[in-house]
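Visitor: Can you keep this structure in mind? I'll have questions shortly.
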Amino acid sequence: MSQAREQLASQAREQLAHWASALPVLIVCAVVLTDLAGGAGMIWLPLLAAGPALAATTNGPRGVLCAGLLAVVLGASLGTRDGVPGGELAAVLSALVTVTLASGLASVLRGRRERVLAAVRSVAETAQHALLKPVPATVGPFQVAVRYSAAAAEARIGGDLYALIPTPYGVRLIVGDVRGKGLPAVGTAALVLGVFREAAYDEPDLLAVVERIERSLARNLGADDFVTAVVAGYPGAGRLEMVNCGHAPPLLVRRSGGGLSVEPVEPAHPAPPLGLRALTGHPPGLQVLPFADGDQLLLYTDGVTEARDRGRAFYPLGEGLARHACEEPSRTLDALHAELLAHVGGRLHDDAALLLIRKPAVPVIAG
């Protein structure tokens, strides 16, 4: 569904770009028709400069020059037809030439900026795949889905992080949020994920995984920096282990009667965010939950729950999950993500990550 939506959006952008590139010529033609209909002479001729000026925002240098040449030729023809004095007509044509040359230069500079931005986006895309590796639809006994949106759409990456990996001690996962934005936040997210991937595979105890992340952050973060995170593991036998370090409580979806119930998993042993333990001295505690066939767990970052609509109302994630939860995590997150964007008017103002796991009754065979 998401791929089809992206294709439709791409087609719409191509059509819009096509019409936008033709708009300068249409404006020049409209000015000419207005002059022919009204016979106003000098009143309308200066408006021909709108053609090459607008072309600088939608076309390359060649398109700007073509629009400018068209405007100059038509301006000279109309001025001669309407009997505009030679001095005034020369001044108008000189202004058209000047606007065309300036617009052509602006088009060249815009093209350079666009090429630089495309290169930055390409690097960011590569960095995102290296940092936030794609999560397969099945990991161990779980069906999995992930949706991630960076607030800075041009960057495509931000300070939110997630990972889910199979280990000798069961499937382990992390969802976190780095304080701050920009490159420092991305660097901290990379550090956390690197330590997590190593420790999750090496450490039998989930608390030891968290301890290794804490020690690494204590050595590398500034005094005011920290990371909120939920680290979870499924060692098997229908139980889920969880350590919450100052993060938003995950939402647990279970069958209740004829429907589904959604309840937040509040930490039984509240702990400070990663990187701040030295200030409080409170070590995190391990929380164990039953996790049966059909159960689902949604982990997310505060970019989801703190998203506001025009009336400054927060997005009700729990209610949305209750409405859209189904047996296919990808469909659930597609619906949630679409509803979230509709709630904020189409543009998020903070990074937002959603990770949903589901334990099917019958093991899913990856194919």
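Visitor: With every protein chain present, what is the per residue accessible area of the chain (1.4 Å probe, Å²)?
Guide: 50
Visitor: Report the net charge of residues surrounding residue 139, where surrounding means a beta-carbon distance below 12 angstrom and charges are Lys +1, Arg +1, Asp -1, Glu -1.
Guide: Result for the neighbourhood of residue 139: +4.
Visitor: Segment 271-367: D in µm²/s via Stokes-Einstein (Kirkwood Rh, Cα pairs, 10 °C, 1.306 mPa s)?
Guide: The estimated diffusion coefficient comes to 101 µm²/s.
Visitor: Using the Kirkwood formula on the Cα atoms of the chain, what hydrodynamic radius do you get, in angstrom to one decimal?
Guide: 24.3
Visitor: For segment 185-267, with the dipole built from +1 on Lys and Arg beta-carbon atoms and -1 on Asp and Glu ones, taken about the Cα centre, which of 194, 230, 256 lies farthest toward the positive end?
Guide: Value: 256.
Visitor: May I ask for the angle, rounded to the nearest 10°, between helix 2-38 and the longest principal axis of the chain, with both axes built from Cα atoms and the value confined to 0 to 90°?
Guide: So the helix axis and the longest Cα principal axis differ by about 20 degrees.
Visitor: Okay, next question. Suppose only helical runs count, i.e. DSSP H with n ≥ 4. What mean residue ellipticity at 222 nm does that imply for the chain under -39500 (n - 2.57) per run, divided by all residues and rounded to the nearest 500 deg cm²/dmol?
Guide: Calculated from helices alone, the mean residue ellipticity at 222 nm is -17000 deg cm²/dmol.
Visitor: What net charge do the residues around residue 316 carry, taking every other residue with its C-beta under 11 Å from that of residue 316, with Lys and Arg at +1 and Asp and Glu at -1?
Guide: Net charge in that neighbourhood comes out at -2.
Visitor: For the chain, what relative contact order do you get, as a whole percent, if you take Cα pairs closer than 8 Å and at least 6 residues apart?
Guide: 15
Visitor: Taking the Cα centre of segment 215-281 as origin and charging only Cβ (+1 Lys, Arg; -1 Asp, Glu), how large is the dipole, in debye to the nearest 20?
Guide: 220
Visitor: Then there's this: What is the Cα radius of gyration of segment 205-311 over 2.2 N^0.38 Å, N being its residue count?
Guide: Scaled against compact globular proteins, the figure is 1.21.
Visitor: Ignoring ligands, DNA and RNA, what percent of the accessible area of the chain is carbon or sulfur (1.4 Å)?
Guide: Here carbon and sulfur together make up 60 percent of the probe-accessible area.
Visitor: So what are the ³J(HN,Hα) numbers for segment 192-201, from phi and the Karplus equation (6.51, -1.76, 1.60; θ = phi - 60°), rounded to whole Hz, Gly and Pro as x?
Guide: Result, ordered by residue: 4, 5, x, 5, 4, 4, 6, 5, 4, 7 Hz.
The values are calculated or read from the model by the stated rules, or taken from the named source; none is laboratory data. Given the structure is predicted, the values throughout are model-derived calculations rather than measurements. Neighbour counts are summed over all protein chains in view; Cβ atoms, including those assigned to glycine, are modelled from backbone coordinates with ideal geometry. SASA here: full protein model, heavy atoms, side chains in, ligands and nucleic acids out. Shrake-Rupley method; radii C 1.70, N 1.55, O 1.52, S 1.80 Å.
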